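Working notes for the structure below.
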Amino acid sequence: MTSPRRPCFGCETFDDHPRHEIVGAQGQPLAGDQVNGPMHMDCCAILRGCMVCARAREGLRPEVIGEPFREHVMSLPPVQVEHVPNDDDTDPHNLTTARIIELEG
């Protein structure tokens, strides 16, 4: 399966590797910048402190990217994410305090 090539606002690379894309209330992607723009999941975990992306990369070697990483993400069990509010103005989407709850089934 090939995904469209698009930018990562963390490392400024254009490719089709899996990303964390933050969407607004209407389901539309937010502005492309380092706070809101789509990022590779490893870039997002490092640069935004995202617990969702950190969990998806947990236990993987850094060189697992692209299609092997996409297959890994697809094999993960479904989760519910709660974005616990925090007072950190640099974390407007509460990514650093996100709680990830594994769902049954």
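Here, each number is a calculation from the coordinates, and none is a lab measurement. In this text, all values refer to a predicted model and were calculated from it rather than measured experimentally. Counting neighbours? That spans all protein chains shown, and the Cβs are built from the backbone with ideal geometry, glycine included.
Within the stretch 91-104, can you find the residues that are without any contact (Cβ under 8 Å) to a residue 12 or more places away in the chain and within 19 Å of L47 (Cα to Cα)? Once the filter is applied, which keeps residues that are without any contact (Cβ under 8 Å) to a residue 12 or more places away in the chain and within 19 Å of L47 (Cα to Cα), the stretch 91-104 yields only N94. Selection over the stretch 74-92 of residues that are part of a loop (DSSP other than H, G, I, E, B) and either in contact with a Phe, Trp or Tyr (Cβ under 7 Å, 6 or more places away or on another chain) or hydrophobic (A, V, I, L, M, F, W, C) (or both) gives a count of 2. Residue count for the stretch 74-89 satisfying the condition of being surrounded by fewer than 12 Cβ atoms within 10 Å (Cβ to Cβ) and touching a residue at least 24 places away in the same chain (Cβ under 8 Å): 2.
In this structure, G10 does not satisfy being in contact with a Phe, Trp or Tyr (Cβ under 6 Å, 6 or more places away or on another chain), part of a loop (DSSP other than H, G, I, E, B) and buried (at least 18 other Cβ atoms within 10 Å of the Cβ). When you look at G32, is it among the small types (G, A, S), surrounded by 11 or more Cβ atoms within 10 Å (Cβ to Cβ) and assigned to a loop (DSSP other than H, G, I, E, B), yes or no? Judged against the criteria, G32 is a match.
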